[in-house]
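Read the structure below first, then the notes.
The values are calculated or read from the model by the stated rules, or taken from the named source; none is laboratory data. Keep in mind that what you see is a predicted model, and the values were worked out from it rather than measured. Don't worry about glycine lacking a Cβ; one is built from the backbone with ideal geometry, like all the others, and counts go over all protein chains shown. Surface areas here come from the heavy atoms of the whole protein model, side chains and all, with no ligands, DNA or RNA. Shrake-Rupley method; radii C 1.70, N 1.55, O 1.52, S 1.80 Å.
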Amino acid sequence: MSQETQCRDIQEDHKRFVEPLGDFNRTHTCGELTTADLKKEVRLCGWVQFRRDHGGLIFVDLRDRAGLSQIVFIPEVAPEAHEKAHILRSEYVLALEGYVRARPEGMANPNMVTGGIEVVVRSWRLLNTSKTPPFLIEDRLDPGENLRLEHRYLDLRRPRMNSALIMRHKITQSVRRYLDEGGFIEVETPILTKSTPEGARDFLVPSRVNQGEFYALPQSPQIFKQLLMVAGLERYFQIARCFRDEDLRADRQPEFTQIDIEMSFVNEDMVMHMAEGLMARVLRDVFGKDLVLPFPRMTYDEAMRSYGVDKPDTRFDLRLQEVTDIVKGSDFRLFATAPLVKAMRVPGGETLSRKEIDEFTEYVKIFGAQGLAWIKIRPDEWQSPIAKFLSETERAGLKEALGLEVGDIVFFQAGAPEMVNAALGNLRVRLGEHLGLIPEDLHNFLWVTDFPLFEYDQEEKRWVACHHPFTQAQGDPEAMVADPASARARAYDMVLNGTEVGGGSIRIHNAAMQRSMFAALGFSPEEAESQFGFLMQALEQGAPPHGGIAFGLDRFVMLLLGLGSIRDVIAFPKTQKAGCLLTRAPAPVSAKQLRELGLALREKPGE
RNA sequence: GGAGCGGUAGUUAAGACGGUUAUAACGCCGGCCUGUCACGCCGGAGGCCGAGGGUUCGAGUCCCUUCCGCUCCGCCA
């Protein structure tokens with residue numbers, strides 16, 4: 001007889017004990033009982049976490065959302081209840097009546113919140129049986145993620161996952177309270193909307209009524225929230241689902257949630273002030289922490305110069321420094337010819353082993369680096385594969401510029417600026433983690449400002465908007481067209497511990513300016529009109545100056561809970577191949593459905 | 001589109017050098033047990049080693065193909 005058969009027989013057999021809930025009304029949660037509740041008559045509901053059947057006494061840890069309570073079946077107290085309790089198995093659901101008493105001398109469990117008490121069962125009823133779960137409902141074990149996602153309802157039953165969703169709820173409610181009190185109006189915008197040419201790939205939904213035409217799911221409510229400003233709402237927010245059909249990452253899902261905010265009659269400082277207040281409110285409401293306001297600000301240029309990335313982790317103090325000029329005459333050809341050479345001094349890094357350095361070298365290759373040059377500053381010598389190429393002048397120059405001291409290691413990267421910054425900037429974070437330089441439990445908020453307005457798209461051979469095409473340029477709009485490379489945007493990102501958690505901008509509220517923006521992006525007037533005519537018409541109807549910001553809620557919650565994957569704060573996430581292992585979405589549809597939509601598949605799946 | 005890691009009992013893992021009957025822990029089933037708390041003790045069941053093909057006297061182990069999960073690059077205004 002197979003195990004499965006055995007289990008099924010047992011649980012099938014136990015089903016005859018199942019009773020209806022009836023008018024049973026629970027009085028307490030399993031997590032809340034303490035010695036303050038002694039002698040109380042209580043009614044509890046929950047799931048069997050552990051069963052310890054001594055033949056005589058039977059102990060069960062009963063679990064509900066709030067926690068665990070030990071319940072005990074005692075033959076002398078309730079013979080019937082005790083006799084029946086032998087059938088209890090993991091994850092059976094039950095309801096019980098009993099009384100709270102202190103555990104006998106020396107039997108308290110200091111590891112449990114409710115460890116001082118136990119509930120003596122007078123009577124109980126089995127509400128449902130459970131097949132043996134595919135994995136134990138426990139925090140300290142971690143089954144494979146595919147298994148967890150296939151049985152997500154069981155995975156979420158684990159206290160850690162359960163509480164992540166509860167924390168997410170608390171954060172969301174705190175956000176809602178803050179914004180409501182600040183006069184923001186929550187408005188829902190369409191999920192079925194129009195595809196836009198800029199930005200990420202759209203999810204498309206075919207229209208049955210208008211065959212051959214498609215809705216797009218929104219990448220963000222951007223245009224609608226601007227239209228709400230034109231509509232005179234003045235202050236809007238939405239906890240908005242957004243969709244982007246791009247490849248996934250640990251912190252990226254095809255559908256995700258933004259805290260989307262827009263305000264009229266504001267400048268950058270006003271939006272940032274509001275956003276800082278929001279963060280402070282959430283941290284205080286949910287974590288009892290006070291933030292120092294305002295947050296520090298850093299320009300994009302400074303971030304790229306000193307940290308190599310546009311979302312610097314300033315919890316630790318390693319910095320990149322350009323040394324191009326110092327080594328431009330070097331015998332080391334790579335240094336002499338590279339358009340950019342940057343160095344990162346790591347105090348005390350001289351102790352890094354060859355093996356560790358090799359691992360870092362492999363790491364930077366991910367970002368296109370050919371290798372990783374390094375110098376260990378020893379008392380007697382500079383130990384380095386490239387030491388022999390460095391002249392006395394170059395050594396002196398590096399020593400002075402970088403402030404080198406004995407015990408340091410310096411890493412170098414030379415080549416195209418994007419590669420140099422990406423390689424060293426990411427290596428910087430890796431080193432920070434590796435060397436334990438990052439303080440824990442710190443909420444290090446930072447604004448990054450003065451982003452470029454455009455960046456050049458090599459593939460499309462045109463300028464594209466860094467933020468989005470509705471962002472105002474700083475200063476003279478004419479200059480934006482004349483010199484796109486140096487135009488700056490009225491845009492700002494909020495960074496938390498080296499991760500972008502939000503970004504926004506002051507928008508264009510002038511139709512002519514919006515037209516010239518589209519022109520700068522290479523749209524013909526006709527294209528601009530057909531794609532965004534409705535927006536420009538709206539801007540011509542008394543659009544107020546406005547701006548806003550949007551926060552990635554999932555990522556934000558993940559960071560605040562100290563988790564490494566966005567999937568752990570989303571109830572039913574997708575896998576890296578954008579599938580749902582629970583429902584098996586996406587899935588083929590019937591020929592009839594396709595016919596109704598006027599669609600035909602170019603190839604049959606699987607052929 | 002690309003790089004890397006992984007898939008062995010219900011679960012988590014060991015086995016990787018090609019060579020007896022594929023290990024362990026937990027879980028599961030049966031028995032015993034009145035103070036356990038990840039209870040304990042005794043006994044037992046449980047495997048197409050992700051799938052397909054190949055090399056070989058012989059494949060969990062080597063080769064090819066493929067599926068699935070994860071991390072990353074590209075991508076993500």
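Share of carbon and sulfur in the accessible area of the stretch A:251-324 stands at 48%, probe radius 1.4 Å. Per atom type, the stretch A:418-576 shows carbon and sulfur on 48% of its accessible surface, probed at 1.4 Å.
For the peptides A:561-571, A:493-503, the ranking by packing is A:493-503, A:561-571, with the highest mean count of neighbouring Cβ atoms within 10 Å listed first.
Heavy-atom accessible surface of the stretch A:157-249, averaged per residue, reaches 52 Å², computed with a 1.4 Å probe. Packing here is the average count of other Cβ atoms within 10 Å per residue, and on that basis the peptides A:580-590, A:227-237, highest first, run A:227-237, A:580-590. Listed by chain and number, the lysines whose C-alpha is less than 16 Å from the C-alpha of A:Lys170, apart from same-chain residues fewer than 8 away, are A:Lys289. Counting Lys and Arg as +1 and Asp and Glu as -1 over every other residue whose Cβ lies under 15 Å from the Cβ of A:Arg490, the net charge comes to -3.
By the rule of a C-alpha distance below 18 Å, with chain neighbours fewer than 8 residues away ignored, the aspartates and glutamates paired with A:Lys577 are A:Glu145, A:Glu150, A:Asp202, A:Asp245, A:Glu246, A:Asp247, A:Asp251, A:Glu255, A:Asp568.
Measuring nothing but how far apart in sequence close Cα pairs (under 8 Å, 6+ apart) lie, relative to its length, chain A scores a relative contact order of 13 percent. Note on A:Lys39: aspartates and glutamates with a C-alpha under 13 Å away, same-chain residues under 8 apart excluded, are A:Glu97, A:Glu118. Once the 1.4 Å probe is applied to the protein heavy atoms, the stretch A:309-386 comes out at 51 Å² accessible per residue. Summary of packing: across the peptides A:134-140, A:547-553, the per-residue average of other C-beta atoms within 10 Å ranks them, highest first, as A:547-553, A:134-140. With a 1.4 Å probe and all protein chains left in place, how much of the accessible area of the stretch A:325-395 comes from carbon and sulfur atoms, in whole percent? Result for the stretch A:325-395: 50 percent of the exposed heavy-atom area is carbon or sulfur.
Which value, in Å², gives the accessible area per residue of the stretch A:1-111 when a 1.4 Å probe is used on the protein heavy atoms? Value for the stretch A:1-111: 57 Å² per residue.
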